[in-house]
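Contents: one structure, followed by commentary.
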Amino acid sequence: MTEQEIIEQVYTCASCGYCRFGCPVYNEIGFESLTVRGRMQILKKILEGKMELTKPIIESIYMCAQCENCNIRCPTGVDFVKISEALRETLLKNRLAPEVQLMLTENLARDSNPFREPLEERGAWLPSDYPQCKKSENLYFVGCTGSYSLNRIPKSIMRILDNIGFEYTLLGSEERCCGSPILRAGDRETATKTIERNVEKFKSLGVKTIITSCAGCHKTFLHDYPSEFNFVHYTQLFTKLINEGVLVFEKELNEKVIYFDGCDLGRHSGIYEEPREILRAIPGVELIEFQYNREEAECCGGPILGANAELARKIAATRVQEAIDKGATFLVTACPTCLLNFKEGARTAGIQLQMQDLPLLLPKYVKVMKKVQTAGAVKDE
Amino acid sequence: MVITKDIAILTDIVGKERISTEESELFCYSRDLGNSIPDELLKAYGMLGAEVVVLPKTTEEVSAILEYAYENDIPITTRGGGSWALGGVLPMDGGIVIDMCRMNTIKTVNKEDGYVDVGAGISWKKLMDSLKTYGLMVGAHPSSAVSATVGGFIATGGGAGTGVPKYGTVGDQVLSLKVVLSSGKIIQTDPWNSWLFTGSEGTLGIVTEATVKVFPLREEKHYLYYFDSLEQGTEALRKLSNLEPYQLSFLDRGFLSLLNQAGEHFLERELAVSVGITGTEEELKAKDVKITQICAAGQPQPEYVARDEFENRFKIGLAFKCLGPSLFVQEIRVPLRFLKDVLDDIAKLLKGLTWGIESLGSDAGSIVLSVMILGDERRELEYLQTFSLSAGFANLARKYCGTVYGIGLHNAVNMRGIHNEGLDVMRDIRLSLDKQNILNPGKTTHPRIPGIFVYMFMFMMKTVPFLVRFILDTMKYIPTGLLRFAFGIVGGNIK
């Protein structure tokens, strides 16, 4: 977003306060300066030279979860998420970003992951003899969380793909960050380099379709990568396999399951029904919904874990409590960040609820896995 | 003025998580909808701005804050969603801003007897969404329901919006209010004395909880008709209001044109009339026949288009703001029978400006007009001129037995003209409940007059275009020969 576009949006904001409705940060804290309306009012005064850029103002820019719930409510078309990305870029360039953000950016540029884990250990979770970087039209892009933190997620997905004879490849230790956290931190230069490097790698292997299990990666691929690739989230692939009779669920899950629409997969990627279709395919599942679901779903708070972990956990605990109040006995996510934050939030608040990320649930309940007939079965038609 | 000791005591009351004296925070709590009141005008009004912001969660906390403020003569400004354009929540005398939005829980839903108990800070949309699961709906609700709170709508009169033509104003639906008086005393009102606080704009007490009527969810049907003739359109509106529709509103040609410029796809006719009805299948059928008859002169739109416009009702009023990008809103309530004349007069009043009119359904044969005037606050002098229009709108409303819709800051200077002797009674009531005048000072009955220089300046800005136009018009009537003669003398080349 250009400087002129930002100025126009600042003056276009009506200060109606609709942005507050589903804002996870505002709804937890309650102060106006943490809403889009408040930030735009402050920004206007800064642009007019009537207010100084202070530390609390900078911190408030990083306290935005960039969940885009405000965008769906705004009657004047203000897109604060794009503005916040531009602001973060400027703050970073001028080294005005909070210390923790500066460190995060440096780590990301060095390690290509947000966990400060060594780059060379990215593929350590894979068996040493597992084929990697082979030529294939289908690539399973594992992502940082799957590679360093929640290995069980990619292992579950691979177990299903391998059992049905699905042809694909992995990058293993050759994989790098998709660029999502780098972009959100405002380091466009490093993000551009990362994206270019990834695209080159995909092309060198003849990849046409990229399968993702991380919602953040999927969103970034859709919005920031060239459209010459076909990006498929595993929920889309598995729904297709269920409909084709390749995946059959027989074991029962007798629970009241509530599915949480994470922002990156839902609002940012438009995937709402596929995770629900998969859950409905499991016998015994009674699917219930949050009051605000699909496009209106309210963020788990995960994106602000770096800026304010305590607040992120409080927001998560509020969502878990709502799930319990709705009568849910099982909370299912399709985003590892949401799951991690929910678990921490519930633990901190002392709330008990079974929860699991969708891929971890699947192998246990899949009874019959037929072999797929063609390698191209995953392509969007 | 708020001092350190006051902050310490307020912190004891609400806890450190729900109090702020941070400069940028105080600034946000010194603005409301539009955020485009020129700083010069606020200075002329002598606005001091918030000195401390508190977010109470219980009536007892509000009571403790008020008791302390009363004893120490600290001004209090109560704030709901801040979605009103009349400056009603601007903290004129500084002091404490009480943000009510944390008091947002639904305490009771009584489906059988048709009422709910809610915290005053809950937004109307949140309440409506929650009631759906019980098969219930609210009656009157504001056009800014996503942001506006139950307490805020009650405090600002709640006389226009969806549901009003069928169920009456929000005051008709209030069964009881929990109110904290300026002294900190907590009272529970009955339906009759609730009226005292309805529309009192935060000057008589702070509504912390409300018991309001709710209604069973029924089938809905929506209609949208375009009229080429203003006479036919306004006549249809008058007749439609007798059917007690759930929703009755219109958009004028100016509004439709601006929407299209902002990327919408409306037909540009004199009026687009929107009607929504609710009821049993039989009731809907009976009304359907009547609506079709009444709107025979109009061009009907498919129901999905009408429903879409209804669903979009909370957003449409601000959809073309980007064209300004600043917006000055004036709202007046007028009898429907004078609507055509009122619209003609508004056109004369706003000659040369860019504007559109949206109406909000009201009760008792009246309608509330929301006049959206576009401007650009970055062209300060020109923009300041639009603020002088509030007196013109007050006069216009009065001419047609109407009134301004809400007082706030901008219409407070017109109070004498609006209420005549009634203003003295209102002042007496206010001072009997709030002897020290700490509740929302500078508004309604105790207006703040902008500095004399600003008034003079605004007068000049108002008269300059008129004078220019007068000179140009006069020149048309001077014979051309005389002009040539005059210029010839000046130029010295007469033949």
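The values are calculated or read from the model by the stated rules, or taken from the named source; none is laboratory data. Only a predicted model underlies this, so the values are computations on that prediction, with no experimental measurement involved. No Cβ is skipped: glycine too gets one built from the backbone with ideal geometry, and neighbour counts run over all protein chains shown.
Things to note:
- Scanning region A:23-36 for residues that are assigned to a helix (DSSP H, G or I) and within 25 Å of the chain's Cα centre (by Cα) yields A:PRO24, A:VAL25, A:TYR26, A:ASN27, A:GLU28, A:ILE29, A:LEU34, A:VAL36.
- Residue within region B:104-115 that is of a type in the set (Asp, Glu) and over 19 Å from B:THR208 (Cα atoms) present: yes
- Entry remark, region A:289-309: residues being surrounded by 16 or more Cβ atoms within 10 Å (Cβ to Cβ), within 14 Å of chain B (Cβ to nearest Cβ) and not charged (D, E, K, R) number 5 in total.
- Filter result for B:SER370 (within 30 Å of B:SER274 (Cα to Cα), in contact with a Phe, Trp or Tyr (Cβ under 9 Å, 6 or more places away or on another chain) and within 14 Å of chain A (Cβ to nearest Cβ)): yes
- Entirely in region A:46-119, the helices (runs of 4 or more DSSP H) that have 3 or more residues that are in contact (Cβ under 8 Å) with a residue 12 or more places away in the chain and closer than 30 Å to B:SER144 by Cα: A:55-62, A:69-73, A:80-93
For every residue, the table says whether it meets (1) in a strand (DSSP E or B); (2) within 14 Å of chain A (Cβ to nearest Cβ); (3) not aliphatic (A, V, I, L, M).
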{"site": "B:LEU237", "(1), (2), (3)": "no, no, no"}
{"site": "B:GLY263", "(1), (2), (3)": "no, yes, yes"}
{"site": "B:PHE266", "(1), (2), (3)": "no, no, yes"}
{"site": "B:ARG269", "(1), (2), (3)": "no, no, yes"}
{"site": "B:GLU282", "(1), (2), (3)": "no, no, yes"}
{"site": "B:THR292", "(1), (2), (3)": "no, no, yes"}
{"site": "B:ALA296", "(1), (2), (3)": "no, no, no"}
{"site": "B:ARG313", "(1), (2), (3)": "no, yes, yes"}
{"site": "B:ARG333", "(1), (2), (3)": "yes, no, yes"}
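- Residues being free of Cβ contacts under 8 Å to residues at least 24 places away in the same chain and either aliphatic (A, V, I, L, M) or in contact with a Ser or Thr (Cβ under 8 Å, 6 or more places away or on another chain) (or both) - total across region B:340-371: 2
- Residues of region B:66-104 satisfying the condition of being in a helix (DSSP H, G or I) and surrounded by 24 or more Cβ atoms within 10 Å (Cβ to Cβ): B:LEU66, B:ALA69, B:MET100, B:CYS101
- Scanning region B:105-141 for residues that are in contact (Cβ under 8 Å) with a residue 60 or more places away in the chain and within 23 Å of the chain's Cα centre (by Cα), we see that the one that is nearest to the other protein chains (Cβ to nearest Cβ) is B:LYS125.
- Residue that is surrounded by the most Cβ atoms within 10 Å (Cβ to Cβ) [pool: residues in region B:279-314 that are modelled with pLDDT of 95 or more and among the polar types (S, T, N, Q)]: B:GLN301
- Checked against (1) surrounded by 18 or more Cβ atoms within 10 Å (Cβ to Cβ); (2) hydrophobic (A, V, I, L, M, F, W, C); (3) more than 14 Å from every other protein chain (Cβ to nearest Cβ), B:LEU327 passes all but condition (3).
- Single match in B:LEU336, B:LEU384 (criterion: in contact (Cβ under 8 Å) with a residue 12 or more places away in the chain and out of contact with any Gly (no Cβ under 8 Å at 6 or more places or on another chain)): B:LEU384
- Checking every residue in region A:46-53 against the condition of being more than 7 Å from chain B (Cβ to nearest Cβ), crowded, with 20+ Cβ neighbours inside 10 Å and in contact with a helix residue (DSSP H, G or I) (Cβ under 8 Å, 6 or more places away or on another chain) gives zero matches.
- Of all residues in region B:220-247 being in contact with a helix residue (DSSP H, G or I) (Cβ under 9 Å, 6 or more places away or on another chain) and charged (D, E, K, R), the one that is surrounded by the fewest Cβ atoms within 10 Å (Cβ to Cβ): B:GLU231
- Residues that are surrounded by fewer than 19 Cβ atoms within 10 Å (Cβ to Cβ), within 14 Å of chain B (Cβ to nearest Cβ) and at negative phi within region A:64-99 comprise A:ASN71, A:ILE72, A:ASP79, listed in sequence order.
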